[in-house]
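Taking it in order: structure first as structure tokens, then the write-up.
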Amino acid sequence: ILIFGATISISVYCFLDSFQKIKVRNDIEKIEDEFSVALFQLGNVLASGAPIELAIDRARENLKNLKIAELFEITSMNMKKFGYTFEQALFDKEVGAIWYYPSSLIRSIMQTIIESSEKSIKTAADSMLVVSRYLKNVHDVKEEIDEILGETVSSMKFLAMFLAPMVAGVTVTMAVVILQILTNLGATLGSVMASSSSTSMASGLLFVPWAMGGTPPISPAGFQLIVGIYMVEIGVLLSVFLNTIKYGEDAVGKRHMVWSTLIFGIIVYAISLLVSYSMFGNSIASLLTPVT
């Protein structure tokens, strides 16, 4: 109950804190991946001599199947509806298009392009094309790194969600069985020593308290609690490592990864514990009956 309670509490907190934000995070990530294509389209239109308002509309039409088209659509609407400049349409504190997609990458690049446009439209177009090539190279490097780390990430995810909980459940079962054997053996030896007059045997067994009819130093419930806490810690730590490897410092992604890993892990842990104990526990108990 304690392990389930701790796992559910952490998972519910992480879920409630991330389930709405994760959609925005995914949209931002998708837009950042498409940003190089969008800048290339917008830069080409500007290089042909078209004004910025017309260039945004043309780029939006060319990118209508991409998520980033929404950013251009909001920018164009602000310029037409409110008569804003390109900078105001993007960075206005109330209706600026950039605030709908709070990405530091997009904000920094757009700020750089606006500064370039103050010199000339041609300078802005050249800046867009240069940044577009740079972002494409960064994206290629990112994909190559993901491919290199793919096997490691998959192994860590398998360990966190399946292997560690399964091994923890089997370990608890084996520990419970061993503790049952020790308890029964201690009770048997205690009864034997009570009817025996051999002081040498008794003095030798004093170093093993459970052999004189006592109890093992830890109960099955206590051992299960320790292993369960360890399993929860492993799930949280591996989730944090996985998210950091893939996305860097991303608090929303960490919480999303933590709750999904813990929920899946606790289910595997419970199934592993119940199945392994049903397979081995009853058999060991039947073997201990003649001894007791």
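Below are the figures for this structure:
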| quantity | calculated |
| --- | --- |
| Residues satisfying the stated conditions in segment 216-225, i.e. surrounded by fewer than 14 Cβ atoms within 10 Å (Cβ to Cβ) and either assigned to a helix (DSSP H, G or I) or touching a residue at least 24 places away in the same chain (Cβ under 8 Å) (or both) | I218, S219, A221, G222 |
| Members of segment 127-152 that are surrounded by 15 or more Cβ atoms within 10 Å (Cβ to Cβ) and under 23 Å from the mean Cα position of the chain (by Cα) | H139 |
| Residue check for I74: in contact with an Asp or Glu (Cβ under 8 Å, 6 or more places away or on another chain), among the β-branched types (V, I, T) and buried (at least 17 other Cβ atoms within 10 Å of the Cβ) | no |
| Filter pass, I22 being β-branched (V, I, T) and within 29 Å of the chain's Cα centre (by Cα) | yes |
| Leading residue by the ranking (surrounded by the fewest Cβ atoms within 10 Å (Cβ to Cβ)) among those in segment 114-126 that are without any contact (Cβ under 8 Å) to a residue 24 or more places away in the chain and in a helix (DSSP H, G or I) | E115 |
| From the options I245, I267, residue that is open to solvent by 70 Å² or more (accessible area, probe 1.4 Å) and at pLDDT 90 or above | I267 |
| Residues of segment 13-22 classified as among the aliphatic types (A, V, I, L, M) and open to solvent by 70 Å² or more (accessible area, probe 1.4 Å), total | 1 |
| Segment 45-62 - residue that is charged (D, E, K, R) and under 10 Å from S76 (Cα atoms) and, of those, surrounded by the most Cβ atoms within 10 Å (Cβ to Cβ) | R60 |
| Among residues of segment 63-75, those that are charged (D, E, K, R) and part of a loop (DSSP other than H, G, I, E, B), counted | 2 |
| Search result, residues across segment 38-62 that are closer than 16 Å to I109 by Cβ and not in a helix (DSSP H, G or I) | none |
| S108 being open to solvent by 30 Å² or more (accessible area, probe 1.4 Å), of a type in the set (S, T, Y), closer than 20 Å to E70 by Cα and at pLDDT 85 or above | yes |
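The values are calculated or read from the model by the stated rules, or taken from the named source; none is laboratory data. Every value quoted in this text rests on a predicted model; they were computed, and no experiment measured them. Ideal geometry is used to build each Cβ from the backbone, glycine not excepted, and the neighbour counts take in all protein chains shown. The accessibility values were calculated without ligands, DNA or RNA, using every heavy atom of the protein model including side chains. Shrake-Rupley method; radii C 1.70, N 1.55, O 1.52, S 1.80 Å.
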